[in-house]
Amino acid sequence: MQLMAIGLLLVVLPTFINNFVKTPDFLRGLLMGIGIVLEIAAFVKLKKTSDTAYKNTPGVLNPNF
């Protein structure tokens, strides 16, 4: 969960920071890209570590529940 939270912060923060301090597009894109990769890694880790809990969880991620 911490990995996902860090990823979400890296995706959202560059947009807010850019309102106050002008940052280069490369830096904004880099931070957002790293954030997206961290979110994907968090979902993969969630699937691998709690496979049984993941299968028994109702919701969008498991429509067969």
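The values are calculated or read from the model by the stated rules, or taken from the named source; none is laboratory data. Quick caveat: nothing in here was measured; it's all calculated off a predicted structure. Neighbour counts run over all protein chains shown; Cβ positions are idealised from the backbone, glycine included.
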*Residues in the stretch 9-24 that are in a helix (DSSP H, G or I) and either surrounded by fewer than 15 Cβ atoms within 10 Å (Cβ to Cβ) or of a type in the set (Phe, Trp, Tyr) (or both): how many?*
9
*Long-range neighbours under 7 Å by Cβ, at least six apart or interchain, first residue closer than 20 Å to Leu3 by Cα within the stretch 13-34, second among the hydroxyl-bearing types (Ser, Thr, Tyr) and assigned to a loop (DSSP other than H, G, I, E, B)*: Pro14/Thr23
*Across the stretch 25-65, which residue is modelled with the lowest pLDDT among those that are surrounded by 10 or more Cβ atoms within 10 Å (Cβ to Cβ), out of contact with any Phe, Trp or Tyr (no Cβ under 8 Å at 6 or more places or on another chain) and basic (Lys, Arg)?*
Lys55
